[in-house]
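Below is one structure, written out as structure tokens; the observations come after it.
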Amino acid sequence: MNNATTVGAATLAWTPGFNGGSAITSYQIVATPTLVGTIVTRTGIAATATSGTITGLVNGTAYTLQVRAVNALGTGPLSAASNAVTPTGVPGAPTAVVGTRGNTTVALSWAAPIVDGGTAITGYTVQVRVAGTVVRTDVLTSAVTTATITGLTNGTAYTFRVFATNANGSGALSVASAAVTPASAPTVAPVLGTATLPPVSQGAVGSPLTATVNWTGVPVAGNGGSAITGYTATVRNNLGAVVQSVSTATAATRSVTFTFSVDPGPYTFEVLAFNTVGDGLASAPSAPILAR
């Protein structure tokens, strides 16, 4: 007997035997799992046939095949079992597709299909989508379940779907990931405005001093793809050491007031914007300002 497999099926070839003195009316093929599973039988195969295909098998499960003849007197004995054969198919769908944003990148991970189709997965394909439309496809030629998708646009929301491939072809698409928006810290610095001390000295060295600084906010084009959430203004002494930093509670604030102890020498001020990714570029420092 010879046999071959296709997706969820197997084909068996045989040589007719003794008919028992009554013409053969049909054949039956019986597929038996080698370990556990359900025996599958196909009946009604033509009496003239010397091969037949049995369907309804489970991909990835090994079966032995047997054939028996039927005539007017009944069903004959089963043939000897064939060698074990394993039907294979395409993989199922990957699951749990999750993306983590980066700067023009998304780090993607997923779980391999529960069903590999009975043969090893050889790779995956990632669909990159914007508003449900596929804008690009990345083909991965290994069975790893992670990928870094590069060359994306900060501030654009992407979703991702993945399918697996094996020797039989490509499987079903995963459910789409949640939307992921690549972003960076702000790429444009605020423009520092005036930084002022009171017109009259507030006291000797070590006494409290107040100073106010204002600035022009970062434009949307410079927010790194993630909305500005606030600003941090910093005052430094003549040695460049930070005297005090003040962060705003909202992105709408455009000035802050410092209160600090007077040190000898001039002060400089600077401001930077921040978003949910991190701190952006600092402005150019102000001209040195002396306490009076």
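Here are the numbers:
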item: Residues that are hydrophobic (A, V, I, L, M, F, W, C) and not in a loop (DSSP other than H, G, I, E, B), drawn from the range 150-167; result: Phe160, Val162, Phe163, Ala164
item: Residue match in the range 160-172 (condition: within 30 Å of Asn59 (Cα to Cα), more than 14 Å from the chain's Cα centre (by Cα) and crowded, with 21+ Cβ neighbours inside 10 Å); result: yes
item: Count of residues meeting criterion [without any contact (Cβ under 8 Å) to a residue 60 or more places away in the chain and not assigned by TED's automatic domain parsing to the domain that holds Thr104] in the range 146-183; result: 1
item: Single unsatisfied condition, Val235 versus (1) surrounded by fewer than 16 Cβ atoms within 10 Å (Cβ to Cβ); (2) within 44 Å of the chain's Cα centre (by Cα); (3) not in a loop (DSSP other than H, G, I, E, B); result: (1)
item: The one condition in (1) within 30 Å of Asn168 (Cα to Cα); (2) in contact (Cβ under 8 Å) with a residue 60 or more places away in the chain; (3) of a type in the set (S, T, N, Q) that Thr119 fails to fulfil; result: (2)
item: Hits in the range 20-48 - residues which are surrounded by fewer than 14 Cβ atoms within 10 Å (Cβ to Cβ), among the aliphatic types (A, V, I, L, M) and not in a strand (DSSP E or B); result: Ala23, Leu35, Val36, Ile39
item: Residues located in the range 247-263, provided they are within 14 Å of Thr196 (Cβ to Cβ) and aliphatic (A, V, I, L, M); result: Val256
item: Residue pairs meeting the criteria (Cβ under 6 Å; at least 6 apart or on separate chains; first touching a residue at least 40 places away in the same chain (Cβ under 8 Å), in the range 280-291; second outside any loop (DSSP other than H, G, I, E, B) and charged (D, E, K, R)); result: Ala282/Glu270; Ser283/Glu270; Pro285/Glu270
item: Subset tally (residues that are of a type outside the set (Gly, Ala, Ser) and either farther than 23 Å from Pro113 by Cα or surrounded by fewer than 18 Cβ atoms within 10 Å (Cβ to Cβ) (or both)) for the range 141-159; result: 9
item: Gly99 vs. criteria in a strand (DSSP E or B), in contact with a strand residue (DSSP E or B) (Cβ under 7 Å, 6 or more places away or on another chain), more than 30 Å from Asn154 (Cα to Cα) and modelled with pLDDT of 95 or more; result: no
item: Candidate set from the range 262-292 (those that are of a type in the set (Val, Ile, Thr) and under 20 Å from Pro186 (Cβ atoms)); member that is surrounded by the most Cβ atoms within 10 Å (Cβ to Cβ); result: Val271
item: Residue match in the range 62-76 (condition: aromatic (Phe, Trp, Tyr), assigned to a strand (DSSP E or B), over 40 Å from the mean Cα position of the chain (by Cα) and not assigned by TED's automatic domain parsing to the domain that holds Leu140); result: no
item: Those residues of the range 132-149 which are outside any strand (DSSP E or B), among the aliphatic types (A, V, I, L, M) and closer than 21 Å to Gly102 by Cβ, in sequence order; result: Val144
item: In the range 247-261, the residues that are farther than 16 Å from Gly280 by Cβ and either outside the structural domain of Val218 (by TED's automatic domain parsing) or crowded, with 17+ Cβ neighbours inside 10 Å (or both); result: Val256, Phe258
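The values are calculated or read from the model by the stated rules, or taken from the named source; none is laboratory data. Quick caveat, the model's predicted, so the values are computed rather than measured. Methodologically, a virtual Cβ is constructed for each residue, glycine included, from the backbone with ideal geometry; neighbour enumeration extends over all protein chains shown.
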